[in-house]
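J.: A single structure is presented below for examination.
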């Protein structure tokens, strides 16, 4: 297919089976640049850029070295399941999926938020590799419970070969349904379920502290029966370690796992980090686009 | 159908058909699972729970969770049946049903139990008067309300074969006189096909659910008044059998729709949408007007809210004047 928009960004990261920490850092930078590029070329010139940038390092770790998936066979039975419950950050997931080979890179800059485009602002099931339609917040964790419970059933109650990962926004932890899922996963002892909360401390209009305080956040999950870790979600090594620990059955037999990942909204774009409330979602004109790319080393 | 008691009421009719058909499906297909949100005692699904404990889950009183869970389960190749009270199923979990089952084209089967006024002693909070309006407006859904337990059983089996989301609404089962069968011998339910139960030439009565036997009763009475009424059982509300309806209306030139649901957005509305540009004829709608119900004895509710055979007769006579 011939596309109108051609990205000039140099590709600095390619998938390989063993990604070093340096490789993952390159990938995270690539994803951030791609998110800015995708936002600029978006049919609406917008995306939920603040939360995409906060989660970029975690997305790099997940698609780079954790998720056991096969883009050639997206329905492969034993694949890991990844649900992007904070579905408005689809642009970041699309960038990671293109990098991993689910579709061509040019799709990112030509089919996002456009009529008949495959990349919807909130992902749908038409795109192979998407595991749940999210965007209306709070649903993803219960989707994950459905995947994890039937995953165990499918494997005759032996420990399933795969994991179900659900990335939640901190804002959606104010949704009641999220806590329905938290209770359900613990009741059903879903040790094959790993939740990740992108805790960038901002809901839409203000800080989570001022709008609906989530603290004591770890204790909440812990008291519901989850194995809880707190990690720096913008530190690739620390976050990867937390995931590796969560993946070990022995870490917490019979308990679902959560990583509460401290992150910074808009990272590393200075004007976004300073004014995170105004960069939950945002439009990028040419000037802002250039500013972003400069801060991303271009 | 087996006889048993639940909260002092007999379990027969629709409710027995649901429980027994889920058992059949459970034996036939190990991919069939049942998801409950703590209405299982009333909906009669515990035989399934006790026979297939590994394929049964209750999520607590959490309808939203049940739906999103069902989505995930369906993506793993299972066929989740989710029988809940139609009121809380369609109202509490509306967003989840719309986005995850409809938009997500999930292979999930929703059973809306105790529809319309057939939760009589619970009142407006539990009475499901707009579930058809809600689900019918969602793309990708198949929407069904059967006339009798045999047709319900057939529809449940058909739903298991349909790839995609299905909503079946059903009355509480132990309503007297409504545990027989009203379709013709040899009838087999098929989505998109509506059987003509009785032929006539002056007016068409289009009904679903418990209004089907009432429409048949009305047709009998109308004949005594010299009015020949055709009766269609519109159990497949979506997809709708426009051909059968239009063919009948071309013959009779007028219709009464009858449903145990608000007249806004329900089966009658579906008929009007289907015929307005193909065969616009005078139509009167029998159903719940734009108001809430109340907790009362069922027959008293049917009388006050105009859901009797007499109400269909009155509408038909008015149209035939």
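J.: Quick check: anything in segment B:32-49 surrounded by fewer than 24 Cβ atoms within 10 Å (Cβ to Cβ), over 16 Å from residue B:111 (Cβ atoms) and in the same structural domain as residue B:86 (by TED's automatic domain parsing)?
T.: Within segment B:32-49, none of the residues are surrounded by fewer than 24 Cβ atoms within 10 Å (Cβ to Cβ), over 16 Å from residue B:111 (Cβ atoms) and in the same structural domain as residue B:86 (by TED's automatic domain parsing).
J.: Just one of B:98, B:117, B:56 is buried (at least 24 other Cβ atoms within 10 Å of the Cβ) and in the same structural domain as residue B:43 (by TED's automatic domain parsing); which is it?
T.: B:117
Here is a yes/no grid of residues against (1) outside any loop (DSSP other than H, G, I, E, B); (2) over 16 Å from the mean Cα position of the chain (by Cα):
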residue: B:185; (1), (2): no, yes
residue: B:220; (1), (2): yes, yes
residue: B:261; (1), (2): yes, no
residue: B:269; (1), (2): yes, no
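J.: Condition check: modelled with pLDDT of 95 or more, out of contact with any strand residue (DSSP E or B) (no Cβ under 6 Å at 6 or more places or on another chain) and in a helix (DSSP H, G or I). Does residue A:294 satisfy that?
T.: yes
J.: Just give me the residues in segment A:222-254 being out of contact with any helix residue (DSSP H, G or I) (no Cβ under 7 Å at 6 or more places or on another chain) and more than 17 Å from residue A:61 (Cβ to Cβ), in sequence order.
T.: Listed by number, the residues that qualify are A:222, A:223, A:249, A:250, A:252, A:253, A:254.
J.: Does residue B:237 qualify as being part of a helix (DSSP H, G or I) and closer than 25 Å to residue B:168 by Cβ?
T.: Spelling it out, it is not the case that residue B:237 is part of a helix (DSSP H, G or I) and closer than 25 Å to residue B:168 by Cβ.
J.: With respect to the numbered conditions (1) assigned to a helix (DSSP H, G or I); (2) under 23 Å from residue A:38 (Cβ atoms); (3) in contact (Cβ under 8 Å) with a residue 60 or more places away in the chain, which one is the sole condition not fulfilled by residue A:243?
T.: Unmet condition: (2).
J.: Of everything in segment B:92-104, what is in contact with a helix residue (DSSP H, G or I) (Cβ under 7 Å, 6 or more places away or on another chain) and more than 8 Å from chain A (Cβ to nearest Cβ)? Give them in sequence order.
T.: B:92, B:93, B:94, B:97, B:101
J.: Ok, one more. Could you list all residues from segment B:34-66 that are facing chain A (nearest Cβ under 10 Å) and without any contact (Cβ under 8 Å) to a residue 40 or more places away in the chain?
T.: Across segment B:34-66, the qualifying residues are B:54, B:55, B:57, B:58, B:59, B:60, B:61, B:62, B:63, B:64, B:65, B:66.
The rows are residues; the columns are (1) more than 8 Å from chain B (Cβ to nearest Cβ); (2) in contact (Cβ under 8 Å) with a residue 60 or more places away in the chain.
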{"residue": "A:78", "(1), (2)": "yes, yes"}
{"residue": "A:88", "(1), (2)": "yes, yes"}
{"residue": "A:123", "(1), (2)": "yes, no"}
{"residue": "A:146", "(1), (2)": "no, no"}
{"residue": "A:153", "(1), (2)": "no, no"}
{"residue": "A:157", "(1), (2)": "no, no"}
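J.: More than 13 Å from chain B (Cβ to nearest Cβ), touching a residue at least 40 places away in the same chain (Cβ under 8 Å) and surrounded by fewer than 24 Cβ atoms within 10 Å (Cβ to Cβ): does that describe residue A:106?
T.: Spelling it out, residue A:106 is indeed more than 13 Å from chain B (Cβ to nearest Cβ), touching a residue at least 40 places away in the same chain (Cβ under 8 Å) and surrounded by fewer than 24 Cβ atoms within 10 Å (Cβ to Cβ).
J.: What do you reckon, is residue B:88 over 20 Å from residue A:135 (Cα atoms), part of a helix (DSSP H, G or I), touching a residue at least 12 places away in the same chain (Cβ under 8 Å) and touching a helix residue (DSSP H, G or I) at 6+ places or on another chain (Cβ under 7 Å)?
T.: yes
J.: Somewhere in segment B:195-204, is a residue in a strand (DSSP E or B) and surrounded by 24 or more Cβ atoms within 10 Å (Cβ to Cβ)?
T.: Checked segment B:195-204: at least one residue is in a strand (DSSP E or B) and surrounded by 24 or more Cβ atoms within 10 Å (Cβ to Cβ).
J.: Further question: Could you please let me know if residue B:77 is in a loop (DSSP other than H, G, I, E, B) and within 11 Å of chain A (Cβ to nearest Cβ)?
T.: When the stated conditions are applied, residue B:77 passes them.
J.: Among the residues of segment B:105-125, which ones are in a helix (DSSP H, G or I) and either within 26 Å of residue B:154 (Cβ to Cβ) or touching a helix residue (DSSP H, G or I) at 6+ places or on another chain (Cβ under 7 Å) (or both)?
T.: The one that is in a helix (DSSP H, G or I) and either within 26 Å of residue B:154 (Cβ to Cβ) or touching a helix residue (DSSP H, G or I) at 6+ places or on another chain (Cβ under 7 Å) (or both): B:120.
J.: Among the candidates A:126, A:121, A:131, single out the residue that is in a loop (DSSP other than H, G, I, E, B) and touching a strand residue (DSSP E or B) at 6+ places or on another chain (Cβ under 6 Å).
T.: A:131
J.: Search segment A:125-134 for residues being more than 7 Å from chain B (Cβ to nearest Cβ) and touching a helix residue (DSSP H, G or I) at 6+ places or on another chain (Cβ under 6 Å), and hand back the single one that is modelled with the highest pLDDT.
T.: The residue in question is A:129.
J.: Same structure, new question: Restricting the search to segment A:159-211, which residues are away from every other protein chain (no Cβ under 13 Å), over 20 Å from the mean Cα position of the chain (by Cα) and assigned to a helix (DSSP H, G or I)?
T.: Answer for segment A:159-211, where residues must be away from every other protein chain (no Cβ under 13 Å), over 20 Å from the mean Cα position of the chain (by Cα) and assigned to a helix (DSSP H, G or I): A:209, A:210, A:211.
J.: Now for a different question. Would you mind telling me which numbered condition in (1) more than 10 Å from chain A (Cβ to nearest Cβ); (2) crowded, with 24+ Cβ neighbours inside 10 Å; (3) part of a loop (DSSP other than H, G, I, E, B) residue B:82 fails?
T.: Here residue B:82 meets the rest and fails (3).
J.: Here are the criteria: (1) at pLDDT 95 or above; (2) within 14 Å of chain B (Cβ to nearest Cβ). Tell me which single one residue A:230 does not satisfy.
T.: That leaves (2) as the condition not met.
The values are calculated or read from the model by the stated rules, or taken from the named source; none is laboratory data. Since we're looking at a predicted model, the values are computed, not measured. FYI the Cβ positions are ideal-geometry reconstructions off the backbone, even for glycines, and counts take in every protein chain you see.
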